[in-house]
Amino acid sequence: MTLHDILDALFPAGHAVEVSDQLVAGTAQTATGTVAVLGTTGPAAIGHDIALGLAGRILDIVDRHPGRPIVFLVDTKGQALSRAEELLCLNGSLAHLARCVDLARRQGHVSLALVTGEAVSGGFLSFGLMADKTYALADAQVRVMDLKAMARVTKIAHERLVELAGSSPTFAPGAENYQRMGAIEAIWPAPSASLLEAALANQAAAGPATDGRMASGRARDGRRLAADVVAAVLAA
Amino acid sequence: MNAPINPSRRHSYFEATARNRVAAVLDAGSFTEFLPPEASQPSPHLAVLDIPGAFDDGVIVGSAALGGQPVLVIAQEGQFMGGAVGEIHGAKIVGLLRRAMAEKPAAVILMVDSGGVRLHEANAGLIAISEIMRAVLDTRAAGVPVLALVGGSCGAFGGMGIVSRLCSAIVMSEEGRLALSGPEVIETVAGVEEFDSKDRALVWRVTGGKQRYLTGDCAELVEDDAAAFRQGAIDVLAGWTEPAPSSATLRAEQDRLTSRRQRFAGMRDGLEVWAALGVPDPRQIPIMDRDSLVALRKGLPA
């Protein structure tokens, strides 16, 4: 499915979204009004330019369109891998992008991320996982590392990892694992205007978003320890 | 003025364990651990892979005092699984930060020593880092500064590199390394000509404390000495007021990062950046001592 198909399905009332160097930016119409659309396509490797491009557009939305909801479209293969990027502290530019998403939330912008393609590591952390809620399309690929590379790095047999992945959501790629662990709110069978509008309306009604992912992960039996550890630290 | 540090009396921060760092950086005898090993459990996700766990899961959290001020403390143990973040490890950090929002200590001290996500618990680790990111920003928004100390043997990489840059400020030693992808990862994916991870001097010119200090990515550069980290932390926190999150602050950072990106476009080595900054002889930077480097930065053209 192309980005254009996804946009048509999400925003049948119309959209004006441009793609430049894998950065997606524009506006779209929903039943409740105009929303900002921001993200990446490709899947893009997130380097300084994309991170700063997204961050600058978020600041523009905060300054010029108070309260406008933001829909992030996530398709990233992770952070850009190069010496030049690291020389200028790529983690700093990704942190800056994350702070901009966080600022929008504090300024009253509802935000939602939809993984349309891939969502990997640092690229996912910097904006997709910073939105109020994160959703994924059914064919989305969400991961830190594929199991073959993981086997190589951890020196654990690939077959063993495959076997364990059948019973544990903790390490293997897959949007459904992230859903069970609370980081992905729901998986959509296809891009859908009604699902999107319902998600935005739910968040607007819920008020300022707090991080409920740990509680969701426990309720879904995908992350059994984290919430208790936090409670124990608070009670110590 | 501080007395010169006698090298034989130095207590290397780089080589110390997390527990030794906590003891040496904070006021003597002030540390109380939350969830000490006897009240904790090793990671079941490692056990299922037949990997020995640690009762603290590679991170220590607790309360202490720094220069007489109450602080909450997080110290990652680089000597266990490279300080990498798994489910319990990450939740201890999130719990400590949430406690800080309620307790409002003078600061949270985050001693980073981590390669990022623990691959054996990859999804749990990535999600935990996202939760840490939001908790750091929530803590700061509650008016509590979060200060990162970067000088451990595993550096601050991956998601913990991002977390470090979300903190109020970073105190770093020249031996510390701060980046996103580790040089080994870049070499594996992009080739040795892109980044030779065995060229330690190069790794250090790209990710090390002096480069980060000269380009303004860390607030304070200190010697590789626990007492120097302690003093650096006290100095940064003295009179620190946590600014409310605002678009004006982030616009200023946006402008700084954008103009820097243009100024240093195409460069691949600290030597090039230092020349562009106006350092008369960039090749001297790696052998300069800390005080001379700090003096040099003060004298650079704006």
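Bear in mind these aren't lab numbers, they're just calculated from the coordinates by the rules spelled out. These numbers come from a predicted model, not from an experiment. In this analysis, Cβ positions are derived from the backbone assuming ideal geometry, glycine residues included, and neighbour counts consider all displayed protein chains.
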The alpha-carbon center of the stretch B:197-276 and that of the stretch A:1-37 are separated, in whole Å, by 37 Å
Treating every alpha carbon of the protein assembly as shown as one equal point scatterer without solvent, the Debye formula yields log10 I(q)/I(0) values at q = 0.06, 0.09, 0.11 Å⁻¹ of -0.26, -0.61, -0.94
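Would you calculate, for the protein assembly as shown, the mean residue ellipticity at 222 nm contributed by helices, counting each DSSP H stretch of 4 or more residues as -39,500 (n - 2.57) and dividing by all residues, to the nearest 500? List each step's numbers first, then the result.
Working: 23 runs with 232 residues, N = 538.
Mean residue ellipticity at 222 nm (helix-derived): -12500 deg cm²/dmol.
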What one gets for the stretch A:31-87 as the Kirkwood radius, inverse of mean 1/r over different Cα pairs in Å, is 12.7 Å
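Charges at C-beta only: +1 for Lys and Arg, -1 for Asp and Glu. How large is the resulting dipole of chain B about its Cα centre, in Debye rounded to 20?
Details: 29 positive and 36 negative charges, 175 e Å.
The calculated dipole for chain B is roughly 840 debye.
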Of all stretches in chain B that avoid trypsin sites (Lys or Arg not before Pro) placed in a DSSP loop and having at most 16 other Cβ atoms within 10 Å, the longest is B:11-197
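Obtain the radius of gyration and the Kirkwood radius of chain A from its C-alpha atoms and give Rg over Rh.
Rg/Rh: 0.97.
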Cα-based Debye curve of chain B sampled at q = 0.10, 0.14 Å⁻¹ gives log₁₀ I(q)/I(0) of -0.54, -1.09
note: the stretch A:1-45, Cα-Cα separations exceeding 14 Å make up a percent value of 45 percent
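Based on the Kirkwood radius over alpha-carbon pairs, what is the Stokes-Einstein translational diffusion coefficient of the stretch B:36-92 at 37 °C with 0.692 mPa s viscosity, in µm²/s?
In µm²/s, the coefficient rounds to 270.
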For the stretch A:3-235, the charge dipole (Cβ of Lys, Arg +1; Cβ of Asp, Glu -1; about the Cα centre) points to a positive end, and the Cα of A:Ala31, A:Ser167, A:Leu73 closest to that extreme belongs to A:Ser167
For the stretch A:123-236, using Cα atoms only, the Rg and Dmax in Å read 16.1, 48
Measuring from its Cα centre, chain A shows a charge dipole (+1 at each Lys and Arg Cβ, -1 at each Asp and Glu Cβ) which, in debye to the nearest 20, is 700 debye
Projected onto the charge dipole of the stretch A:3-235 (unit charges on the beta-carbon of Lys, Arg, Asp and Glu, signs +1, +1, -1, -1), the Cα from A:Thr134, A:Val230, A:Pro208 with the largest positive-side position is that of A:Val230
Out of A:Thr154, A:Gln179, A:Ser192 - ranked by how far each Cα lies towards the positive end of the dipole of the stretch A:3-235, with unit charges on the beta-carbon of charged residues - the top one is A:Thr154
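If you average over every viewing direction, what projected area does the convex hull of the Cα atoms of the stretch B:52-159 give, in nm²?
Details: hull surface 24.8 nm².
Reported value for the Cα convex hull: 6.2 nm².
Looking at the calculated P(r) for the stretch B:159-302, what percent of the C-alpha pair distances fall above 20 Å? Write down the numbers at each step before the final one.
Values: 5533 of 10296 pairs.
Result for the distance tail: 54 percent.
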Cα-based Rg then Dmax for the stretch B:235-302, in Å, read 15.5, 40
